[in-house]
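For reference, the structure discussed in these notes is given below.
Coordinate-derived values only; no laboratory data. The model shown is predicted, which means the values in this text are computed figures rather than measured ones. With ideal geometry, Cβ positions are generated from the backbone for all residues, glycine too; neighbour counts draw on all protein chains shown.
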Amino acid sequence: MKRKVTKAIFPVAGLGTRFLPATKSIPKEILTLVDRPLIQYAIDEARAAGIEEFIFVTSRGKGALEDYFDHSPVLEAELAAKGKQKLLDVLDTTNMDSGAIAYIRQHKALGLGHAVWCARKLIGDEPFAVILPDDVIAAEKPCLAQMVEAYQETGGCMVAAMEVPRDKVSSYGVLNIEAQFGNLYPVRGMVEKPKAGTEPSNLAVIGRYILTPDVLENLSQTEKGAGGEIQLTDAIAQEIVAGRPVNGLRFDGQRYDCGSKAGYLQATIAFALARDELRDELRDFMHELVAMDKAAQ
Ligand code: UTP
């Protein structure tokens with residue numbers, strides 16, 4: 001039996017430049033899909049996978065994110081006085097236990113690997129998950145829960161993997177795979193943002209990881225990689241060189257890249273269409289819009 005994964009790191013210290021000017025004052029992770037901020041989807045997924053400690057790697061300007069997880073006694077009292085039990089229940093799903101959340105600062109945006117490394121003292125000597133909140137995954141069984149289940153068999157490091165079109169692959173960390181067992185791929189190499197035509201496969205790493213403390217040790221020695229940033233991919237790849245197992249799990253589910261405008265808008269539509277109270281109105285509106293768009297061409 002492998003050790004339980006009870007801690008997760010949420011790196012949220014990036015600048016979010018693709019969402020400027022909004023991200024001048026709003027952290028990207030507070031942008032909403034319908035009515036829940038991106039970060040709430042990430043927290044819900046972590047909880048469903050058995051995570052008990054939530055470690056946020058933040059930076060200047062992320063105050064709204066910290067406030068979001070505070071209880072809101074004035075609002076709660078107001079809703080209670082007005083008998084708005086349904087809204088109180090909604091708020092209740094967002095409340096976190098005291099002491100369950102920790103915030104640590106990344107003082108310079110030196111890359112994802114560096115952000116994860118900033119949380120090393122809070123992780124100590126146990127396996128941990130990393131969740132990038134801007135990758136939102138709609139799935140019957142949440143993606144991290146699928147990974148934890150597979151990890152119980154494999155141990156080592158595990159990354160979420162997804163097939164992407166060849167012309168998009170150079171935006172991702174890409175797996176060089178050794179074999180395939182169902183949806184599990186033992187990995188023999190990983191490369192961050194390979195040059196077009198040099199990619200070892202079309203299996204890309206997306207923002208869910210289960211990692212061993214050895215990766216934190218590797219990060220201490222990792223030099224800057226692609227884009228001049230300290231890359232998490234490089235530190236995981238070092239595990240393979242050291243002869244320790246790294247597996248890719250091709251998860252079941254639909255991933256939305258909410259760090260990009262197109263992905264975020266697609267997710268907004270998909271999540272709204274999944275809501276009973278919004279579906280009909282939105283569907284009618286979309287039909288009208290498409291018809292108008294066609295007529296205008
Ligand atoms: P992105 O590559 O999406 O960068 O980071 P970004 O800064 O958030 O957004 P853009 O590209 O400027 O629009 C992927 C994840 O890694 C975190 C980000 O917060 C995001 O969750 N990250 C990235 C850090 O925490 N620190 C960094 O130095 C870089």
If you go through F56, F19, the only one that is touching a strand residue (DSSP E or B) at 6+ places or on another chain (Cβ under 8 Å) and either of a type outside the set (V, I, T) or within 16 Å of the ligand (Cβ to nearest atom) (or both) is F56
| If you check L87 against the conditions, is it of a type in the set (A, V, I, L, M, F, W, C) and in contact (Cβ under 8 Å) with a residue 40 or more places away in the chain? | no
Every listed condition ((1) touching a residue at least 12 places away in the same chain (Cβ under 8 Å); (2) more than 14 Å from the ligand (Cβ to nearest atom); (3) under 30 Å from G243 (Cα atoms)) holds for A138 save (3)
- request: Using the structure shown, decide if I137 is aliphatic (A, V, I, L, M), closer than 30 Å to G253 by Cα and surrounded by 22 or more Cβ atoms within 10 Å (Cβ to Cβ).
  value: yes
Here the qualifying pairs (Cβ atoms under 7 Å; residues six or more apart or on different chains; first in the stretch 100-117 and more than 9 Å from the ligand (Cβ to nearest atom); second in a loop (DSSP other than H, G, I, E, B) and of a type outside the set (D, E, K, R)) come out as I101/F69; I104/A119; R105/S59
